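Accompanying notes for the structure given below.
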Amino acid sequence: MSAPPIEVRGLVKRYGALTAVDGVQLTVEAGDVYGYLGPNGAGKTTSLRMMLGLIRPTEGTVRLFGRDPNATVAALAGVAGFVEAPAFYPYLSARRNLELMAAFDGDSAPTRIDLALDTVELASRASDRVGGFSHGMRQRLGIAAALLRSPKLLLLDEPATGLDPAGMRDMRLLIRRLADEGMTVLLSSHLLAEVEELCNRVAVLRRGRIVYEGTIAELARGAGTRYRLASTDDARALGICVARPGIAEVGYEHGHIVFSADEQAVAELSRALIEADVLIRELAPQTVTLEDLFFSLTEGDGFVAERAEAAAAVPGAS
Amino acid sequence: MTALAAPSERSGAATGRRPGVWAVYRWELVKLRYQKRTYLGLGASILAPLLLVLAINLRSGAGHGDAFAFSNYLTRSGLVVPLVILLFGAIWMFPLIVALVAGDIFASEDHNGTLKTVLTRSLERHQIFAGKMLVAATYAVFAILLGGTVGVIAGSLQSGFNSLQSLSGTIVSAPRGLELVYASLVVYLIPTAAIVSIGLMLSTLTRNSAAAVVGTLMISLLIQLIGILPGMSGAQPYLLSTQFNAWQGLLRTPTDWVPIIRALWVSALYGVPALIVALLVFLRRDVAGG
Ligand SMILES: Nc1ncnc2c1ncn2[C@@H]1O[C@H](COP(=O)(O)OP(=O)(O)O)[C@@H](O)[C@H]1O
Ligand SMILES: [Mg+2]
């Protein structure tokens with residue numbers, strides 16, 4: 001079996017006292033469209049810089065198709081992408097910028113310039129100086145520059161950030177198309193919504209650590225179902241919920257008790273409530289949006305703390 | 001499937017031509033063509049001899065040419081003009097001109113954030129470094145040869161393509177004088193190369209174009225200052241600024257090779273460590289930010 005496109009082990013990057021990336025493990029398989037998620041400052045760009053050999057890891061290793069990008073640029077054969085906003089020489093035209101990069105790529109890269117410009121719909125602006133380009137045009141030119149290398153693996157750092165809604169949609173369609181053509185893609189984002197329909201796998205990063213790794217479906221399932229309960233005596237019901245095993249993250253929102261539990265625990269809860277002479281007015285499962293989940297993963301204990309606070313606000317509860 | 005799709009069973013390392021230093025060199029020259037500072041430096045090296053010739057013209061027109069031995073010397077042969085430019089250009093003009101490009105060539109990549117762009121293609125860092133270094137050197141050579149050539153032409157038009165008096169007092173024929181002028185320009189390039197190296201070092205260290213350009217000029221001026229401090233005359237032969245006078249050995253009969261040979265090793269003493277620092281910094285640095 002050939003080496004996977006990306007294999008990251010125990011990756012750490014420290015800047016003085018700050019640990020920007022803290023023990024990241026990651027495997028991206030061929031054909032994956034992999035979402036690398038996390039709020040601003042989570043360490044996404046720093047990770048990608050290490051993957052591209054731009055900065056040296058403090059600890060740990062990166063392997064692209066089995067090769068170390070920090071040892072030789074030859075490890076980037078078949079790999080392309082950008083970190084943060086793609087940068088160009090502002091005094092050169094878009095085409096000249098691409099010609100320069102193609103010359104630095106060697107091989108047959110120069111023959112792909114026109115096609116790459118077409119793909120990102122910049123052919124008509126090719127002879128304009130990049131200095132006058134909008135953010136969105138630069139993002140697209142960044143993709144064109146990556147395509148010159150005819151990559152098998154594409155690393156994109158927040159490619160849709162800063163684009164207007166139409167630009168974001170175009171960027172998603174473009175990435176989808178490239179993935180369908182057989183490219184393995186890793187793209188970072190601070191918005192789950194931006195990548196959820198694109199990615200088959202995601203890692204969620206929080207303060208340099210991966211707090212979730214897997215499919216989006218598993219991520220949704222891992223949320224556990226949340227329930228909403230209204231009763232004839234919410235204060236007592238809340239006490240029962242908190243005390244019962246299998247009932248978690250109990251809170252009080254908009255006149256309802258909310259909690260997470262599996263079906264068995266819910267069934268047992270309903271009997272416990274009735275035995276305690278608390279009658280159920282409403283008991284219904286609630287869907288948790290992925291966005292909520294992402295929020296809970298990246299904000300950490302904030303999620304739980306908020307609910308504890310809410311619980312304390314219930315009249316009569318102590 | 002379009003041609004943009006991944007070539008299935010081709011590993012990049014195994015395919016076709018790998019680009020090299022030559023690609024960097026060529027494209028750094030293209031970039032120079034599109035930047036204002038390039039023309040600022042070249043303009044200065046054209047303008048200096050033209051202004052000198054204009055001054056000679058005004059002075060001789062005013063009729064007090066004889067009052068001043070030096071201007072007398074200047075009006076005898078146009079070949080003297082480029083040599084005077086070399087003499088005074090060493091103080092700050094040529095160091096500034098070559099620093100304009102050498103000090104900028106790495107720092108501008110930081111300014112534009114393009115280091116990450118070029119370092120994620122197929123060239124090793126040392127190849128990028130070599131290409132940039134060669135272009136900074138090429139620019140220095142070009143600027144000095146240009147200034148010298150403009151001096152020869154403008155000077156000859158003003159004062160004639162005449163024989164020249166050597167520093168030992170002997171008379172040198174005009175064609176032989178022309179050879180000596182170009183040989184002097186070449187000897188002048190020896191300490192200039194050290195200034196270029198210092199510019200490259202500051203460019204990688206400061207990551208700031210203005211700081212590197214000004215810094216290079218300051219170092220060059222400071223070295224001259226050491227030479228005029230009381231009690232420092234013993235250090236004079238080993239100062240970089242002194243090596244800018246080595247070409248004068250060519251204008252003596254017989255040719256005095258001592259200052260020229262010293263210029264070679266003294267300039268290397270300044271230039272080589274600076275170049276090594278520049279290379280190591282560039283090879284090891286983190287490309288973060290931008
Ligand atoms: N060159 C640097 N020097 C010091 N701190 C840095 C540097 N680059 C990034 N950081 C810090 O590392 C953390 C992660 O940054 P980054 O990787 O850019 O996050 P993200 O891309 O997820 O927004 C941040 O706290 C940031 O301030
Ligand atoms: Mg970032």
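Calculated on the Cα set of chain B, radius of gyration then Dmax: 22.4, 84 Å.
Close amide-amide hydrogen proximity is noted between A:Thr19 and no other residue 5 or more places distant or on a separate chain, at a cut-off under 5 Å (H modeled in the peptide plane; Pro and chain starts excluded).
Residues B:Ser163, B:Ser241, B:Ser203, A:Ser127, ranked from the fewest to the most other C-beta atoms within 10 Å, line up as A:Ser127, B:Ser163, B:Ser241, B:Ser203.
Backbone amide hydrogens, once placed in the peptide plane, bring B:Ser166 within less than 5 Å of B:Ile171, B:Val172, excluding anything fewer than 5 places away on its chain. Report, in degrees rounded to the nearest 10, the 0 to 90 angle that the Cα long axis of helix B:125-159 makes with the longest principal axis of chain B. Value to nearest ten degrees: 20.
Of the residues B:Ala210, B:Pro237, B:Leu279, the one whose Cα sits farthest toward the positive end of the charge dipole of segment B:35-284, with +1 on the Cβ of Lys and Arg and -1 on the Cβ of Asp and Glu, is B:Leu279. Put a dot 7 Å past the Cα of B:Gln165, heading toward its Cβ, do the same for A:Thr232, and the two dots end up 12.6 nm apart. Antiparallel DSSP bridges in the protein assembly as shown: what percent, to the nearest 5? Bridges in the protein assembly as shown are about 65 percent antiparallel.
Any idea which of B:Thr120, B:Leu200, B:Pro82 is furthest toward the positive side of the dipole for segment B:35-284, if Lys and Arg beta-carbons carry +1 and Asp and Glu beta-carbons -1? Looking along the dipole axis, the top candidate is B:Thr120.
Within the listed set A:Tyr15, A:Tyr227, A:Tyr36, the residue fluctuating most in the Gaussian network model of chain A (springs between alpha-carbon atoms under 10 angstrom) is A:Tyr15.
Set the Förster distance to 41 Å, then compute FRET efficiency between A:Ala265 and A:His135 from the Cβ-Cβ distance, nearest 0.05.
Values: r = 50 Å, r/R0 = 1.21.
FRET efficiency, A:Ala265 to A:His135: 0.25.
List B:Tyr182, B:Tyr188 from most exposed to least, where exposure is judged by having the fewest other Cβ atoms within 10 Å. Before the final figure, lay out the partial values.
Details: B:Tyr182 14, B:Tyr188 27.
The fewest-first ordering by Cβ neighbours comes to B:Tyr182, B:Tyr188.
The ranking of B:Leu275, B:Leu40, A:Leu238, B:Leu134 by Cβ neighbour count inside 10 Å, starting from the fewest, reads B:Leu40, B:Leu134, B:Leu275, A:Leu238.
Rounded to two decimals, what ratio of Rg to Rh does the protein assembly as shown give with C-alpha atoms and a Kirkwood Rh?
On the way: Rg = 34.5 Å, Rh = 29.0 Å.
Rounded to two decimals, Rg over Rh is 1.19.
Excluding the sites themselves, what is the longest stretch of chain B that contains no trypsin sites (Lys or Arg not before Pro) in a DSSP loop with at most 16 other C-beta atoms within 10 Å? Longest stretch, sites excluded: B:18-251.
Using 0.36 nm per residue, how much length does the chain from B:Thr253 to B:Tyr238 gain when fully extended, once their Cα-Cα distance is taken away? Numbers along the way, then the final one.
Working: separation 15, 0.36 × 15 = 5.40 nm, distance 2.40 nm.
Extra length available between B:Thr253 and B:Tyr238 comes to 3.0 nm.
Summing charges over all other residues whose Cβ lies under 10 Å from the Cβ of A:Leu52, with Lys and Arg as +1 and Asp and Glu as -1, gives +1.
In whole percent, what relative contact order does segment A:52-169 give with Cα contacts below 8 Å and a gap of six or more residues?
On the way: 151 pairs, mean separation 38.1, N = 118.
Result for segment A:52-169 is 32 percent.
With the convex hull drawn around the C-alpha atoms of chain A, the volume per residue stands at 164 Å³.
Applying 1/(1 + (r/R0)^6) with R0 = 56 Å to the Cβ-Cβ distance of A:Arg281 and A:Ala17, what FRET efficiency is obtained, to the nearest 0.05? It would help to have the intermediate numbers written out before the result.
Details: r = 53 Å, r/R0 = 0.95.
Between A:Arg281 and A:Ala17 the formula returns 0.55.
Phi angles of segment A:120-137 translate, via the Karplus equation with coefficients 6.51, -1.76, 1.60 and θ = phi - 60°, into HN-Hα couplings of 9, 6, 10, 4, 6, 10, 4, 8, 7, 5, 5, x, x, 7, 6, 4, x, 5 Hz per residue; Gly and Pro are given as x. GNM remark for chain B: springs join alpha carbons under 10 Å apart, and the peak mean-square fluctuation among B:Gly89, B:Gly113, B:Gly231 falls on B:Gly231. Taking a point 7 Å from the Cα of A:Arg9 along the Cα-to-Cβ direction, the residues of segment A:51-74 with backbone N closer than 19 Å to it are A:51-53, A:56-72.
With 0.36 nm allotted per residue and the present C-alpha distance subtracted, the A:Phe295-A:Ser108 stretch has 62.9 nm of extension available. Annotation for B:Trp22 and B:Trp265: the two label points, set 7 Å from Cα along the Cα-Cβ direction, are 3.7 nm apart. For chain A, the longest principal axis of the Cα atoms and the long axis of helix A:302-312 meet at an angle of about 20 degrees.
For the residue pairs A:Lys44/B:Lys36; A:Lys13/B:Lys31; A:Lys44/B:Lys31; A:Lys13/B:Lys116; A:Lys13/B:Lys36, alpha carbon separations beyond 29 Å are given by A:Lys44/B:Lys36; A:Lys13/B:Lys31; A:Lys44/B:Lys31; A:Lys13/B:Lys36.
Remark: spin-label model distance B:Gln35-A:Glu218 equals 4.9 nm, labels positioned 7 Å along the Cα→Cβ axis.
To test your reading of the geometry: what angle, between 0 and 90 degrees and rounded to tens, separates the Cα axis of helix A:234-243 from the longest principal axis of chain A? With rounding to tens, the tilt is 70 degrees.
Once the Cα-Cα distance is subtracted from the 0.36 nm per residue extended length, the A:Ala74 to A:Glu181 segment shows a gain of 36.2 nm.
Each stretch of four or more DSSP H residues adds -39500 (n - 2.57); spread over every residue of chain A, this sum gives -10500 deg cm²/dmol at 222 nm. The local environment of A:Phe133, defined by Cβ-Cβ distances under 10 Å, has a net charge of +3 under the rule Lys, Arg +1 and Asp, Glu -1.
Values quoted throughout were computed directly from the atomic coordinates according to the rules given, and no laboratory measurement underlies them. Small disclaimer: the values here were computed from a predicted structure and weren't measured. Glycine also receives a Cβ, built like all others from the backbone with ideal geometry; neighbour counts cover every protein chain displayed.
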